[in-house]
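Taken together, the values in this text are just the output of simple stated rules run on the coordinates, not laboratory data. On a predicted model such as this, the values are computed, not experimentally measured, just so you know. Cβ atoms come from the backbone with ideal geometry, glycine included; neighbour counts cover every protein chain shown.
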Amino acid sequence: MRSQTSSFAAVATRHFSVLGVLLLAAAPAHAQYVGREQDVTDLRLGQRVLVDDGTCPAGQVKEVSGSRMADTGIVRTTKCVARFGPKKR
């Protein structure tokens, strides 16, 4: 009887661990808003900054991200993404 209880506990622990990882991955990250792309000075690898400079279509904002490492430093990637919530000033 004890082996069934410990087996159930191991399975339950594994399921709760997987659930915890999924919840952390699904949590929205709080992005930093800036007004100009020149204001993004020290972009880290994987960091994403939202730039509200009016270059993207209505309802979208420019996302600048540190995409990969190069010999000269971190390579920036820009794309227009959907704006969430009201416009930030």
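Of note:
- The protection proxy used here, the mean number of other Cβ atoms lying within 10 Å of each residue, ranks peptides 47-58, 67-78 as follows, highest first: 47-58, 67-78.
- Computed from the Cβ-Cβ distance with R0 of 22 Å, the FRET efficiency linking R83 to L45 stands at 0.35.
- Length gained on full extension, S7 to Q38: 5.5 nm, using 0.36 nm per residue less the C-alpha separation.
- Take the Cβ atoms of M69 and R14, set R0 to 30 Å, and the FRET efficiency comes out at 0.30.
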